[in-house]
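The values are calculated or read from the model by the stated rules, or taken from the named source; none is laboratory data. Values in this document were obtained by computation on a predicted structure and should not be read as measured data. For neighbour counting, all protein chains shown are included, and Cβ atoms are generated from backbone atoms with ideal geometry for every residue, glycine included. SASA here: full protein model, heavy atoms, side chains in, ligands and nucleic acids out. Shrake-Rupley method; radii C 1.70, N 1.55, O 1.52, S 1.80 Å.
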Amino acid sequence: MLVWSDHVVLGDHRSGLRVAPAALQIDGPCITSVTPCDRQGWNALQDASDQTGVDLSGRLITPAFVNAHAHLPMAIFRAVGNQQAA
């Protein structure tokens, strides 16, 4: 599926983030490519791929904000105080 929006968050922590228009190629649950382009570039991509794309103008497309941190150092304290009396 080909998707376009004029508000896509691009970049990374090194180069910085910016909001710009871009086309995204989506296969199943994965974004396989991101092509920064304006409306004319979007039309050319649709023509070249023979796909009817989904136009999400005015909608913001951002990366998934996944909270992947862990409290591993605190795991040792989970057993403290749970001792059974002998």
Are there any pairs, at least 6 apart or on different chains, whose C-beta atoms fall under 7 Å, with the first in region 1-17 and more than 20 Å from Ser49 (Cβ to Cβ) and the second surrounded by fewer than 16 Cβ atoms within 10 Å (Cβ to Cβ) and charged (D, E, K, R), and if so, which?
His7/Arg59; Leu10/Arg18; Gly11/Arg18
The condition of being out of contact with any helix residue (DSSP H, G or I) (no Cβ under 8 Å at 6 or more places or on another chain) and within 13 Å of Met1 (Cα to Cα) holds, among Leu45, Leu60, only for Leu45
Please name all residue pairs, on different chains or six or more residues apart, with Cβ atoms under 6 Å, provided the first residue is in region 26-44 and is within 17 Å of Leu10 (Cβ to Cβ) and free of Cβ contacts under 8 Å to residues at least 12 places away in the same chain and the second residue is hydrophobic (A, V, I, L, M, F, W, C) and open to solvent by less than 80 Å² (accessible area, probe 1.4 Å).
Ile31/Leu24
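Okay, residues lined up against (1) modelled with pLDDT under 65; (2) open to solvent by 100 Å² or more (accessible area, probe 1.4 Å); (3) not in a loop (DSSP other than H, G, I, E, B):
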| site | (1), (2), (3) |
| --- | --- |
| Ala44 | no, no, yes |
| Ala48 | no, no, yes |
| Thr52 | no, yes, no |
| Phe65 | no, yes, no |
| His69 | no, yes, no |
| Phe77 | no, yes, yes |
| Gly81 | yes, no, no |
| Ala86 | yes, yes, no |
